[in-house]
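Visitor: Right, I'll just put the structure down here and ask away after.
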Amino acid sequence: MSSSLVRVSSSPAIKNAPLVGLAEGNGAFNNLHLAASIVVVPYLLKSFLPLVNRGGLKTYLFLLVITGVPTAVAYWTFISTYGPRRNEKVRLPAKDIEEYIT
């Protein structure tokens, strides 16, 4: 069963396929920062908002549930936009990434 049924060709499957380096991950992402921001944001809201500053643990947990996902999305967006790339060794062309996608 060493013979393959798929014929291997030397032609590219996708015309002008994107470079591998364009999809590299971000090196600045940190799980501890994400967890700290998810825990601290509801505490700050509970401390500063006059409507909920007298609440206790249940108020904090309610704010944690309400603000957890938006805080995570905001953190991921911020770090993805402004953080450094993981791999700076990749030679990138002067083209924009939209030219490869469309």
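Visitor: What is the distance, in nm, between label points placed 7 Å from the Cα along the Cα-to-Cβ direction at F62 and at I101?
Guide: 4.0
Visitor: Modelling each spin label as a point 7 Å along the Cα-to-Cβ direction, I'd like the L49/F29 distance in nm, to one decimal.
Guide: Going from the L49 label point to the F29 one covers 2.8 nm.
Visitor: Give me the extension gain from W76 to A36: residue separation times 0.36 nm, minus the current Cα-Cα distance, reported in nm with one decimal.
Guide: Separation in residues times 0.36 nm, less the Cα-Cα distance, equals 13.1 nm.
Visitor: Using a cut-off of 14 Å between beta-carbons, work out the net charge of the residues near Y60 (Lys and Arg +1, Asp and Glu -1, Y60 not included).
Guide: +3
Visitor: Roll a 1.4 Å probe over the protein heavy atoms and report the accessible area of I66 in Å², nearest 10.
Guide: 90
The values are calculated or read from the model by the stated rules, or taken from the named source; none is laboratory data. Values in this document were obtained by computation on a predicted structure and should not be read as measured data. Neighbour counts are summed over all protein chains in view; Cβ atoms, including those assigned to glycine, are modelled from backbone coordinates with ideal geometry. Surface accessibility is based on the protein's heavy atoms, side chains included, excluding ligands, DNA and RNA. Shrake-Rupley method; radii C 1.70, N 1.55, O 1.52, S 1.80 Å.
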